[in-house]
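Quick notes on the structure that follows.
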Amino acid sequence: MQLNQFLEDFSKVEGAKILVHGGGRGASEQLKRMGIEPKMIDGRRITDAETLEVVVGFYAGVTNKSIVSSLQKLGVNAMGISGSDGNAISGVKRPVKTVDFGFVGDLHENSVNGKLFQILLKNELIPVVCAITHDGNGQLLNTNADTIASAIAKELAKIKEWNVELYFCFDKNGVMKDVNDESSLISEIDFEFYQELKADGIINEGMIPKLDNAFEVIKSGVKSVYIKHASNVNMEIGTKLI
C-alpha cells in the first residue's frame, strides 16, 4: 500500500502544499478491462476521444476523490480539482507533427491560475490536482502530471515571500549512476554536473526530459527540486537538484 504510506507522509509536511497526481498505470488497466488497448509512443499516451473519456473518469474521478478522502481521514483539508475547476489550468491541444497524440494538452506561459491557488492555500485548503486540463472552449485535455506540477511551482515562485520547493516522487530513490544499484544514488546534482552525467550516458532516455524540466523550474525561481521515492518523502534519501 505505497500510496497510503505516501499520503500519510504528505499529511505530515507542514505549511502550504499542493499534490499533483497522474494515474497512468491504473488508467491503462482500466482501458484494458473495457476492451480498449492503450496506445503509447515513447511512453506517451495517444488519447483519442474514447480513451479521453476513460482517462478523465479515472484521473478526475476515482483516483482524485480517493486521494482526497484519504487525506481528509488524515486531517488534511484537501480539495480535489482538475484544470477546468476554477479555470485552474488551461492548455492547448498538442499540434500534430509526426504523431497525432489526440486530446493531449500542452501548457503555455499563462496556463496556471496563480490567484486561485493562492486563495486556496491562504485559506488552508490543500489542492489535489489531477492531470486533466482544458482549452477554454469546452474541451478537456490529458496533460502530463510532471509538467503540471512544474508549471504550478513556477507560477507560485513569483510570489517573493514564498519559498517554493518541488518534489517529484517516483518508484526509485532518486537519480542513480546504476539504475539497478540503490547504493549508487547521487544525492546532489547541479546543472554542470547534470551535463557531465548526460555526456557519460549515466542519465539518458526518459530521465532527460524530466531533469531538463526540473532545471528550468529552478531557473524560474523555485528554491530547489527533489527527486525521491514515493515512500521517502519525509526522509533525507533522494536527489536534490540545485
In the range 169-202, residue modelled with the highest pLDDT [restricted to those that are within 19 Å of Asn144 (Cβ to Cβ) and assigned to a strand (DSSP E or B)]: Cys169
Look at Ser220 and say whether it is open to solvent by less than 70 Å² (accessible area, probe 1.4 Å), hydroxyl-bearing (Ser, Thr, Tyr) and out of contact with any strand residue (DSSP E or B) (no Cβ under 9 Å at 6 or more places or on another chain). yes
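Residues are listed down the side, and each one gets a yes or a no for (1) surrounded by 15 or more Cβ atoms within 10 Å (Cβ to Cβ); (2) among the polar types (S, T, N, Q); (3) modelled with pLDDT under 90; (4) within 18 Å of the chain's Cα centre (by Cα):
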| position | (1), (2), (3), (4) |
| --- | --- |
| Glu8 | yes, no, no, no |
| Ser11 | yes, yes, no, yes |
| Gly15 | no, no, no, no |
| Ile18 | yes, no, no, yes |
| Gly22 | yes, no, no, yes |
| Ala27 | yes, no, no, yes |
| Leu31 | yes, no, no, no |
| Gly35 | no, no, no, no |
| Pro38 | yes, no, no, no |
Considering residues of the range 141-151 that are surrounded by 21 or more Cβ atoms within 10 Å (Cβ to Cβ) and not polar (S, T, N, Q) only, the residue modelled with the highest pLDDT: Leu141
Which of (1) open to solvent by 20 Å² or more (accessible area, probe 1.4 Å); (2) under 27 Å from Ser11 (Cα atoms); (3) in a loop (DSSP other than H, G, I, E, B) does Glu205 not meet, given it meets every other one? (2)
Search result, residues across the range 152-163 that are open to solvent by 20 Å² or more (accessible area, probe 1.4 Å) and under 15 Å from the mean Cα position of the chain (by Cα): Lys154, Glu155
When Met176 is evaluated against the numbered criteria (1) without any contact (Cβ under 8 Å) to a residue 24 or more places away in the chain; (2) surrounded by fewer than 16 Cβ atoms within 10 Å (Cβ to Cβ), which criterion, by number, is the only one it fails? (2)
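Within the group Val104, Val56, Val92, Val99, which residue is open to solvent by less than 20 Å² (accessible area, probe 1.4 Å) and touching a strand residue (DSSP E or B) at 6+ places or on another chain (Cβ under 6 Å)? Working first, answer last.
Numbers: Val56 fails: open to solvent by less than 20 Å² (accessible area, probe 1.4 Å); Val92 fails: open to solvent by less than 20 Å² (accessible area, probe 1.4 Å); Val99 fails: open to solvent by less than 20 Å² (accessible area, probe 1.4 Å).
Of Val104, Val56, Val92, Val99, the one residue that is open to solvent by less than 20 Å² (accessible area, probe 1.4 Å) and touching a strand residue (DSSP E or B) at 6+ places or on another chain (Cβ under 6 Å) is Val104.
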Every listed condition ((1) modelled with pLDDT under 90; (2) of a type outside the set (S, T, N, Q); (3) assigned to a loop (DSSP other than H, G, I, E, B)) holds for Val222 save (1)
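Would a scan of the range 145-168 turn up a residue that is hydrophobic (A, V, I, L, M, F, W, C), more than 20 Å from Val225 (Cβ to Cβ) and in contact with a His (Cβ under 9 Å, 6 or more places away or on another chain)? Write out each step before concluding.
Keep residues of the range 145-168 that are hydrophobic (A, V, I, L, M, F, W, C), which gives 145, 148-149, 151-153, 156-157, 159, 162, 164, 166, 168.
Add one more test, that the residue is more than 20 Å from Val225 (Cβ to Cβ), and what stays is none.
No, the range 145-168 has no match at all.
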Return yes when Ala214 is within 16 Å of the chain's Cα centre (by Cα), under 16 Å from Ile18 (Cβ atoms) and not in a loop (DSSP other than H, G, I, E, B) and no when it is not. no
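The values are calculated or read from the model by the stated rules, or taken from the named source; none is laboratory data. Note that the structure is predicted; figures quoted are calculated from it, not measured. All Cβ positions, even for glycine, are placed from backbone atoms using ideal geometry, and neighbour counts span all protein chains on display. The accessibility values were calculated without ligands, DNA or RNA, using every heavy atom of the protein model including side chains. Shrake-Rupley method; radii C 1.70, N 1.55, O 1.52, S 1.80 Å.
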